[in-house]
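One structure below.
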Amino acid sequence: MIKTETISLNTKGHCDIIDITPQVEHQLAESNIDSGIVTVFVTGSTAGLTTIEYEPGLISDIKEMWQRLAPENIPYGHDRAWGDGNGHSHIRASLLGASLVVPFSHKRLALGTWQQIVLLDFDNRPRSRQLLVQIMGE
């Protein structure tokens, strides 16, 4: 069986990191599927998904890491072509990836004790984001 749902949320941009674990758990609880996998996919090319320990120190560390890896204040070809100033956002999102797969059993995500599913919005402005949640199993 496959069930597809949507999570809608607003972000602040600028490497906004949002814990979406409760929304994914809610979608799983509402499904008629006991065991399988959940795929979460963010539409758009300036955001990505991963798992982290969602705590202030690590959130700060991750934001600093992205600034070192793909800084905002250097020239990007995308910015020259489009003038929107978010070339760094596209680079960051392409490195992180737009989807995440998490197994589940007995309607419980197989996440570690300190592991949460997070959305990172790298764009240079607030956004309205849509995430597709596809639950597959039996």
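Just so it is clear, none of the values below were taken in a lab; they were calculated from the coordinates. None of the values given here were measured: they were computed from a predicted structure. Don't worry about glycine lacking a Cβ; one is built from the backbone with ideal geometry, like all the others, and counts go over all protein chains shown.
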Any chance I33 is in contact (Cβ under 8 Å) with a residue 40 or more places away in the chain, among the hydrophobic types (A, V, I, L, M, F, W, C) and surrounded by 15 or more Cβ atoms within 10 Å (Cβ to Cβ): yes
Complete set of residues in the stretch 44-81 that are surrounded by 14 or more Cβ atoms within 10 Å (Cβ to Cβ), outside any strand (DSSP E or B) and in contact (Cβ under 8 Å) with a residue 60 or more places away in the chain: G44, T46, Y54
Single match in G87, G48 (criterion: in contact with a Phe, Trp or Tyr (Cβ under 6 Å, 6 or more places away or on another chain) and on the phi < 0 side of the Ramachandran plot): G87
From L100, L96, L120, residue being closer than 19 Å to E5 by Cα and surrounded by 12 or more Cβ atoms within 10 Å (Cβ to Cβ): L100
Residue in the stretch 39-56 that is closer than 15 Å to G137 by Cα, under 17 Å from the mean Cα position of the chain (by Cα) and not basic (K, R) present: yes
Subset of the stretch 1-27 (residues that are assigned to a strand (DSSP E or B), closer than 27 Å to S60 by Cα and hydrophobic (A, V, I, L, M, F, W, C)): I7, L9, I17, I18
Subset tally (residues that are in a loop (DSSP other than H, G, I, E, B), among the polar types (S, T, N, Q) and out of contact with any strand residue (DSSP E or B) (no Cβ under 6 Å at 6 or more places or on another chain)) for the stretch 82-138: 3
